[in-house]
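The next block holds one structure in the form of structure tokens; read it before the comments.
We did not get these values from a lab; they are worked out from the coordinates using the rules stated. Note that this is a predicted model, so its numbers are computed, not measured.
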Amino acid sequence: GMGYLTGAITPETTFHPEADLRAKFPRFTPEARRANQPVVELLRRVGMRKEATSGQIALAWLLTRSPAIVPIPGTTKLAHLEENLGALTVELTPEDVQEIEAGFAAIKVQGVRAPEALLKTHDIGANLGSSSAGTHGLSPLPAPKP
């Protein structure tokens, strides 16, 4: 997200140190962006075959994971919204999905996804890299009785 998977952000991109929150995100350091570039290249390669953008491929792949997953891409630009909606028309074959997943598995993504203070506010499951099912996220409510 945040321009990463679309290829809009490259290792050479600079961020305003105060006005752009990405300047403080570990995954957006120049070193992490260089190390994570193979993810963008993988999505771009599949996208070229499907006549889709890398961002559309990322969203289309997410939609193949489970009917319970609903991507919520944020944007303030109509053109980006239209591009995101275009992911709904991308048809990934089982072979495409396998290529993407094998490619992801071979790449060690560098940089945690958010600064430490922000991670503490995120859902427990998201911080563990898993579903929050059973953890009730950060809810102060007690777990339901069995």
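Annotations
- Length gained on full extension, Ala79 to Ala8, computed as 0.36 nm times the residue gap minus the Cα-Cα distance: 24.2 nm.
- If you wrap the tightest convex hull around every Cα atom of region 14-97 and split its volume per residue, you get 126 Å³.
- Percentage relative contact order, region 1-89, counting C-alpha pairs under 8 Å, at least six apart: 24 percent
- Table column - 3J(HN,Hα) (Hz), region 59-65, Karplus curve with 6.51, -1.76, 1.60, x for Gly and Pro: 5, 4, 4, 4, 5, 7, 5
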